[in-house]
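Worksheet: the structure to be examined is printed underneath.
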Amino acid sequence: MPKINFKKKNIKKDGQMKDNGKRKRRFARLRGMRDVLPDEYKYWNLVLCKAAKLAETYSFNRIDIPVLEQMDLYERSSGKTSDIVTKEMFSFVDKSGDRIALRPEATPGMVRSYIEHGMFNLPQPVKLFLLGPLFRHEKPQSGRYRQHNQFDLEIFGESNPAADAQLILIAYNFFRELQIEVQIQINSIGCEECREEYCRQLVEFYKERGKRAKLCNDCKKRLAKNPLRLLDCKEAPCIELKEEAPQIVDSLCDNCRNHFIKVLEYLDELDVAYNLDPHLVRGLDYYNKTVFEIFPLNSEDQGRQISLGGGGRYDGLVEQMGGRPTPACGFGIGIERAVSQVKEKNIPIKENNKADIFLAQLGEQARQKAMVLFEELRRAGFQIREAFTKDSLRSQLEIANRMGVKFSLILGQKEIMDKTILIRDMESGIQEVVDCKKLILEIEKRLNNGK
Ligand SMILES: [Zn+2]
Ligand SMILES: [Zn+2]
């Protein structure tokens, strides 16, 4: 153990540690990180179950990939100049000198996995979903967490616009069925060919008199490197300028235009409400054609809205990452944000882990017997609870009450001698002595009566 001078270095102003070092330093969560406590987990369960259920219905298979990947993976996919890579990635050099990153988004790892496991040999499309954490070193205010979870879906090996529409439909259903009203913003950013012409128009537009000077410093650089990114800037002057900017839909080639129209037709047919956002680009290099984003409807702070999720098509990425040419599309939804919307709406959540029976014991010998009996009843399929570390019967019955069980079984010294057990109706308080041999029958009788 290294010697630490507690007096000089480790004294916190909030008095977490006494100056003589007698009280141990307490730890706190890292900035921007959070604990999901049991009270909140019922909301998580609701959201996670909805995600998994929907994914299954539309034939997505669950996959898990590592949280750590080579840093290059993100530089080559998300783009070296993207905000994610330049500002937000948690990255480090490990003990063997490798450059490592905690995944800031799911798609690059999914693409790596698709290629590495030869999934192009499977019948296409390959539909995968992931539920897991992402890490971004963002400013922690305004509901952004540096570790947050995502529901991520990807479709590999499918160029049909029906795939784009299905992803948007799933995202839409996900929120609607959680009773969260959302707005889908959608755009097409075309392919490499039509985008080249558009970027030329964009640069021309921003170079017009006076406009360049108004741009933020980042955007001045973007203008030379990646003009499409200008449309994604969150700075007020840049947002204002972009209102007048040319729209990419006017530059789409026939192929891209037809694809986009098809996607919109499917959405119309399915009654999925969407808004065309002619300047939506998403801040990543790999997208082409359809891009979309989801926002809460009527959210208080319009303008600085927090996106609930989004995605798009990335037909060139698999090849760019060393795989075969593979059209693909995907999306991600932030679980924390979905959970916070569900909490805000006060959506009633039914408790599905409610127990029917509580098993109480009195005396050391009874405790031992009760522990065995508990296992028997649990294996027989009953929803049963206990508090075997408690000695007093009263406190056990209080716990049983709080759990809302229908009745309690009470086992004491006398009952063991007589090979009986007490059944106490928790509502009426009436107790009945029952022969141990008939216990299961008696329990079933009472449970069925309640129905
Ligand atoms: Zn095109
Ligand atoms: Zn800007």
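For Lys211, the stated conditions hold: it is of a type in the set (Lys, Arg), within 16 Å of ligand 2 (Cβ to nearest atom) and in contact (Cβ under 8 Å) with a residue 24 or more places away in the chain.
Condition check ((1) on the phi > 0 side of the Ramachandran plot; (2) among the hydroxyl-bearing types (Ser, Thr, Tyr); (3) in the same structural domain as Leu128 (by TED's automatic domain parsing); (4) surrounded by 15 or more Cβ atoms within 10 Å (Cβ to Cβ)) across all residues:
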{"residue": "Tyr58", "(1), (2), (3), (4)": "no, yes, yes, yes"}
{"residue": "Asp64", "(1), (2), (3), (4)": "no, no, yes, no"}
{"residue": "Asp72", "(1), (2), (3), (4)": "no, no, yes, no"}
{"residue": "Thr81", "(1), (2), (3), (4)": "no, yes, yes, yes"}
{"residue": "Glu88", "(1), (2), (3), (4)": "no, no, yes, yes"}
{"residue": "Gly97", "(1), (2), (3), (4)": "yes, no, yes, no"}
{"residue": "Arg112", "(1), (2), (3), (4)": "no, no, yes, yes"}
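Select from the range 240-252 the residues that are in a helix (DSSP H, G or I) and either open to solvent by 60 Å² or more (accessible area, probe 1.4 Å) or within 16 Å of ligand 2 (Cβ to nearest atom) (or both) and list them in ascending order.
Within the range 240-252, the first condition is being in a helix (DSSP H, G or I), and the residues that meet it are 240-242, 248-251.
Once the filter is applied, which keeps residues that are in a helix (DSSP H, G or I) and either open to solvent by 60 Å² or more (accessible area, probe 1.4 Å) or within 16 Å of ligand 2 (Cβ to nearest atom) (or both), the range 240-252 yields Glu240, Leu241, Lys242, Asp250.
Mind checking whether some residue in the range 332-354 is part of a strand (DSSP E or B), closer than 18 Å to Lys406 by Cα and of a type outside the set (Asp, Glu)? No, every residue in the range 332-354 fails to be part of a strand (DSSP E or B), closer than 18 Å to Lys406 by Cα and of a type outside the set (Asp, Glu).
Is it the case that Gln413 is touching an Asp or Glu at 6+ places or on another chain (Cβ under 9 Å) and either among the polar types (S, T, N, Q) or closer than 21 Å to Glu364 by Cβ (or both)?
Considered against the rule, which asks whether it is touching an Asp or Glu at 6+ places or on another chain (Cβ under 9 Å) and either among the polar types (S, T, N, Q) or closer than 21 Å to Glu364 by Cβ (or both), Gln413 comes out as no.
Inspect all residues belonging to the range 173-180 and state whether any of them is in contact with a Phe, Trp or Tyr (Cβ under 7 Å, 6 or more places away or on another chain) and either of a type in the set (Phe, Trp, Tyr) or touching a residue at least 12 places away in the same chain (Cβ under 8 Å) (or both). No, the conditions are met nowhere in the range 173-180.
Residues are listed down the side, and each one gets a yes or a no for (1) more than 16 Å from ligand 1 (Cβ to nearest atom); (2) modelled with pLDDT under 95; (3) open to solvent by 20 Å² or more (accessible area, probe 1.4 Å); (4) over 29 Å from the mean Cα position of the chain (by Cα):
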position: Glu208; (1), (2), (3), (4): yes, yes, yes, yes
position: Lys211; (1), (2), (3), (4): yes, yes, yes, yes
position: Cys216; (1), (2), (3), (4): yes, yes, yes, yes
position: Asp232; (1), (2), (3), (4): yes, yes, yes, no
position: Cys238; (1), (2), (3), (4): yes, yes, no, yes
position: Asp254; (1), (2), (3), (4): no, no, yes, yes
position: Val263; (1), (2), (3), (4): no, no, no, no
position: Asp268; (1), (2), (3), (4): yes, no, yes, no
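Count of the range 355-377 residues, restricted to those that are within 17 Å of Ala400 (Cα to Cα) and of a type outside the set (A, V, I, L, M), is 5.
Against the list (1) under 30 Å from Thr57 (Cα atoms); (2) within 14 Å of ligand 2 (Cβ to nearest atom), the condition Ile170 fails is (2). Would you confirm whether any residue within the range 197-204 is free of Cβ contacts under 8 Å to residues at least 12 places away in the same chain, away from ligand 1 (no atom under 16 Å from the Cβ) and open to solvent by 20 Å² or more (accessible area, probe 1.4 Å)? Within the range 197-204, one or more residues are free of Cβ contacts under 8 Å to residues at least 12 places away in the same chain, away from ligand 1 (no atom under 16 Å from the Cβ) and open to solvent by 20 Å² or more (accessible area, probe 1.4 Å). Of all the numbered requirements in (1) over 20 Å from Gly322 (Cα atoms); (2) crowded, with 19+ Cβ neighbours inside 10 Å, Glu158 misses one, and that requirement is (1).
For the range 201-224, does any single residue satisfy the condition of being assigned by TED's automatic domain parsing to the domain that holds Arg112, assigned to a helix (DSSP H, G or I) and of a type in the set (Lys, Arg)? Within the range 201-224, none of the residues are assigned by TED's automatic domain parsing to the domain that holds Arg112, assigned to a helix (DSSP H, G or I) and of a type in the set (Lys, Arg). Quick one: would you say Cys191 is within 16 Å of ligand 1 (Cβ to nearest atom) and without any contact (Cβ under 8 Å) to a residue 40 or more places away in the chain? In short, no.
The values are calculated or read from the model by the stated rules, or taken from the named source; none is laboratory data. Computed from a predicted structure; not experimentally measured. Here the Cβ is made from the backbone with ideal geometry for all residues, glycine too, and neighbour counts use every protein chain on show. Note: areas computed on protein heavy atoms with side chains; ligands, DNA, RNA excluded. Shrake-Rupley method; radii C 1.70, N 1.55, O 1.52, S 1.80 Å.
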